[in-house]
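The values are calculated or read from the model by the stated rules, or taken from the named source; none is laboratory data. Because the structure is predicted, anything quoted here is derived from the model rather than measured. Here the Cβ is made from the backbone with ideal geometry for all residues, glycine too, and neighbour counts use every protein chain on show.
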Amino acid sequence: MTSQSFNEDSLTDAEYEIYQYLLNTDISNLTAGEIAKHFFVGRTMIYRVCQKMGFHTFTELKYSRQQEQADDFELSIEQLNTQISFSHLHPIALEIRGANRVFLYGTIASTIATEYFERQLINLGCFAVQINDRFQFEQRARGFTKGDVLVCISSSGKNTDMNGVISTITIPIIAITKRNSPLHTTLSTLCIDYNLDNYQSRNAFDRENLFPLFVIIQKVLLALR
């Protein structure tokens, strides 16, 4: 992010603290004045550090940071796709397309993903129903009939409530879940499975693993079109 000629040794102790702050803090919504107040210095010192780093203005530095973050985001998507197995994608699309009703089961954070999936399936003309807790599932399961399909979404695949109740049903179970989990290996008929360890290590902000779920759901929706 800095110019090749930049040398950290050229910074005073106070400038070095500001430099580290500019490198390691999200400054996208901050002004030079706000950063100056944080360090009890004048704005000219912020500008001076930016110039020593090889930027004409603080705005130019912010733009460079935003571009770097965008590049990192694209890289994380590319890496993420290598951690997901889409080998069952087209059989899953066929199963959903041919279903009379599609029930989408996800709990806690996964309900955000199931809500989105339900809405998009309805837009595609599918009969889709979201289920977000065990009680709802048990109520709905009494009415499952031939031609229905259940889609279970679980980041860990170890949700004991979910796994316990779905183990007794006879309709096809499609899972979006972690590789080698009980939901993946034992309970599902078809599965899009993933290993997100690398993704999690690079993207600590997504503690609930929602972004990977949306990537997968979008792939399924595209296969349905």
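Observations
- Looking only at residues of segment 52-71 that are part of a helix (DSSP H, G or I) and touching a helix residue (DSSP H, G or I) at 6+ places or on another chain (Cβ under 7 Å), we find that the one that is surrounded by the fewest Cβ atoms within 10 Å (Cβ to Cβ) is Lys52.
- Segment 119-131, residues that are in contact with a strand residue (DSSP E or B) (Cβ under 8 Å, 6 or more places away or on another chain) and surrounded by 13 or more Cβ atoms within 10 Å (Cβ to Cβ): Leu121, Ile122, Cys126, Ala128, Val129, Gln130, Ile131
- Segment 167-197: number of residues that are among the hydrophobic types (A, V, I, L, M, F, W, C) and farther than 20 Å from Gly98 by Cβ: 3
- Output for segment 14-51, where each listed residue is outside any helix (DSSP H, G or I) and acidic (Asp, Glu): Asp26
- For the criterion of being at pLDDT 95 or above and surrounded by fewer than 13 Cβ atoms within 10 Å (Cβ to Cβ), Phe144 fails.
- Number of positions in segment 159-173 that are surrounded by 14 or more Cβ atoms within 10 Å (Cβ to Cβ), part of a loop (DSSP other than H, G, I, E, B) and at pLDDT below 95: 2
- Residue list for segment 174-187, filter: modelled with pLDDT under 95 and of a type in the set (Gly, Ala, Ser): Ser181
Yes or no, residue by residue, for (1) modelled with pLDDT of 95 or more; (2) closer than 17 Å to Val165 by Cα; (3) exposed (fewer than 15 other Cβ atoms within 10 Å of the Cβ); (4) of a type outside the set (Phe, Trp, Tyr):
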residue	(1), (2), (3), (4)
Gln79	no, no, yes, yes
His88	yes, no, no, yes
Pro91	yes, no, yes, yes
Ala99	yes, no, no, yes
Leu104	yes, yes, no, yes
Ala113	no, no, no, yes
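- Qualifying residue in segment 109-126 (condition: over 19 Å from Val215 (Cβ atoms) and in a strand (DSSP E or B)): no
- Hey, Phe127 over 29 Å from Leu196 (Cα atoms) and modelled with pLDDT under 95 or not: no
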